[in-house]
Amino acid sequence: MAIKALLLDADGVVIFPWRFAQYLTREHNITPAQTRGFFGGVFADCLVGRADLKEELPPFLAQWNWPGTVDDFMARWFRTEDAADPQMVKAIGALRAQGLPCYLATNQESHRLAYMRNQMHFDALFDGLFASCEVGHMKHDAAYFASVTQSLALEPPDILFWDDSLGNVETARAFGWHAEHFTTFTAFQHAMSEYQP
């Protein structure tokens, strides 16, 4: 089954996930229960480009008794989550060398997206990045997949998508993409052999 483009989620597929939440709990006693109001609230607007992370964070940092500035918080967040899986990075390079375009498909706000592009060198790793803050929709929304499909100038069955969120996988499948639920790198390798000519 030949495909013409591969799209990969960031956190949980290309990047080892959730390290910052562990850091906040371990180093600052800021628990996921405390941060839920932010990440389950206005952060969603940041993810689709309707709000700016740097402007929304300060009142929450005050609630959490964060000891530094908003810039300190964001820098620590981005550095802590700067943890790409070396096996996946190598696999992406090999797939692109074989002629398969590879793209990042991520729910992401603009500041961390810039960090991914510049400090993590994702602009060089991928053929392109499709972030929710630029697309204007998150991956649980079929409009995300419609926009990306149009940008790629491909038909939905030409595209393969991997995500660790089963809900995102199901939305992609409903739109007509091939989509797989990411669990382990070994399972990814095995499944990719079924898609490559």
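Each reported figure results from applying straightforward, stated rules to the coordinates on display, with no laboratory input. This structure is a prediction, so every number in the text was calculated from the model and none was measured. For neighbour counting, all protein chains shown are included, and Cβ atoms are generated from backbone atoms with ideal geometry for every residue, glycine included.
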inquiry  = Given the options 98, 18, 148, identify the residue whose Cα lies farthest towards the positive end of the charge dipole of the chain (+1 on Cβ of Lys, Arg; -1 on Cβ of Asp, Glu).
reply    = 18
task = Sort 169-175, 48-54 for me by packing, meaning the mean count of neighbouring Cβ atoms within 10 Å per residue, highest on top.
result = 169-175, 48-54
remark   = To the nearest 20 debye, the stretch 19-80 has a Cα-centred charge dipole, built from +1 on Lys and Arg Cβ and -1 on Asp and Glu Cβ, of 280
message = Report for the chain the percent antiparallel among DSSP-assigned beta bridges with both residues inside it, nearest 5.
response = 5
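Under a Cβ-only charge scheme (Lys and Arg +1, Asp and Glu -1), can you give me the dipole magnitude of the chain about the Cα centre, in debye to the nearest 20?
The calculation lands at about 260 debye.
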request  = Among (1) 54, 31, 27; (2) 43, 39, 35; (3) 41, 37, 31, find the value of Cα extents along the principal axes in Å that was calculated from the structure presented, and write down its label.
outcome  = (1)
request  = Given the peptides 6-14, 150-158, arrange them by the average over their residues of other C-beta atoms within 10 Å, most packed first.
outcome  = 6-14, 150-158
message = Just to be sure I understand the curve: with the Debye formula and one point per C-alpha of the stretch 19-80, what is log10 I(q)/I(0) at q = 0.20 Å⁻¹?
response = -0.78
Charge tally in the Cβ shell below 13 Å around residue 106, where Lys, Arg are +1 and Asp, Glu are -1, residue 106 excluded = -4
message = Per-residue counts of other Cβ atoms within 10 Å, averaged by peptide: what ranking do you get for 78-86, 159-167, highest first?
response = 159-167, 78-86
